[in-house]
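Just below is one structure, and these are the notes that go with it.
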Amino acid sequence: MRLTILGSGTNVHPTRAAAGYVVQTDQTMLLDFGPGTLHNLIKTGIDRHRIRHILFSHFHADHFSDFVTFFFDAVYHSKFVGPRADLTLIGPRGTRQLFGTILSTFPGFNTAAFRVRIREVAGRSFMVGKTRVLPRTVVHSPRLHCVGYRLEHGDRALVYSGDAQYCPSLVRLCRGADVAVLDCSFPATRPGLGHMHAGDCGRVAREAGVKRLILSHFYPIVERYDVKRQAGRYFKGRIMVGRDLMTISV
């Protein structure tokens, strides 16, 4: 299993793209698709027209807005350049309504020469090829259903929190994971609403018995603090500070 961080920042960050990740197993999947991540996806050399599954954690704009540009490009490619693989959009409650509206109202989006499937998920696992995907509801915004994802392939497990506060469901999702990519929006000394700070991330990793913790989803204030050290006060395992285009073998 291979993870590439497309975006380790938030909606408007001076040096980082917003939330987005590529996971490569027997399949190539996207986890979230925030602004700036499509450009970084192109930099990786991965053929975007072969991507069949996009998994969304929730629908704040910093987690999905590059989908619009991606899909416009996919429609053009399928009509005028060459075949494009069918696409499955996966996410929490509200996924059908949001993407149904986008696909039916954006000019030309309903003329794609490939099939689009929309799937809503909550707590039941499903397979993408040979990869088992477990979505679990996490606490983030009271008006949105938000999920984190656990991906298992062979004997390896990767967890992506999406946006989350510390909560028991996130600890359970991370239990024994080889890698956990967690929402570290703030330094421990400057916490904010709706997200974890570095200390929370360390606490989740410790309680879940994670092997490797990757801190990501940084607001600009994080750049002024040593969040790795702050997380390390709680978690004594391996900690990495995420950056755009970082690639990790799980």
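What to note about this one:
- Solvent-accessible ranking of H49, H63, largest area first, probe 1.4 Å: H49, H63
- Against the main long axis of the alpha-carbon atoms of the chain, helix 66-80 sits at an angle near 30°.
- Dividing the summed helix terms, -39500 (n - 2.57) for each DSSP H run of n ≥ 4, by the number of residues in the chain produces a 222 nm estimate of -6500 deg cm²/dmol to the nearest 500.
- For S57, nonlocal amide neighbours, meaning residues 5 or more places apart or on other chains whose placed amide H falls under 5 Å from its own, are D32.
- These residues, Y234, Y21, go from largest to smallest accessible area, 1.4 Å probe, as Y234, Y21.
- Projecting the Cα atoms of T111, L38, F70 onto the charge dipole of region 29-116, computed from C-beta unit charges around the Cα centre, puts T111 farthest toward the positive end.
- For region 183-192, 3J(HN,Hα) computed residue by residue from phi via the Karplus equation (6.51, -1.76, 1.60; θ = phi - 60°) reads 5, 10, 5, 9, x, 4, 7, 9, x, x Hz, glycine and proline entered as x.
- The chain: proportion of alpha-carbon pairs further apart than 34 angstrom, %: 12
- Counting only residues at least eight positions apart within a chain, or on another chain, the lysines with an alpha carbon under 21 Å from that of K228 are K211, K236.
- Full-stretch length increase - F72, R132 - with 0.36 nm per residue and alpha-carbon distance subtracted: 18.7 nm
- DSSP bridge pairs, the chain: antiparallel proportion in percent, nearest 5: 55
- Three-way shape label, region 104-176, alpha-carbon gyration tensor, a/c 1.5: oblate
- Crossing angle, helix 198-208 versus the chain [Cα axis fit, 0-90 degrees, rounded to tens]: 90
- Rounded to the nearest 10 Å², the accessible area of E207 at probe 1.4 Å: 70
- Given charges at beta-carbon only (K, R positive; D, E negative), |dipole| of the chain in Debye: 560
- Of all the options R143, R50, R132, the one that moves most in a Gaussian network model of the chain with Cα springs shorter than 10 angstrom is R143.
The values are calculated or read from the model by the stated rules, or taken from the named source; none is laboratory data. Every value quoted in this text rests on a predicted model; they were computed, and no experiment measured them. Cβ coordinates were reconstructed from backbone atoms using ideal geometry, including for glycine residues, and neighbour counts include every protein chain displayed. Only protein heavy atoms, including side chains, enter the accessible area calculation; ligands, DNA and RNA are left aside. Shrake-Rupley method; radii C 1.70, N 1.55, O 1.52, S 1.80 Å.
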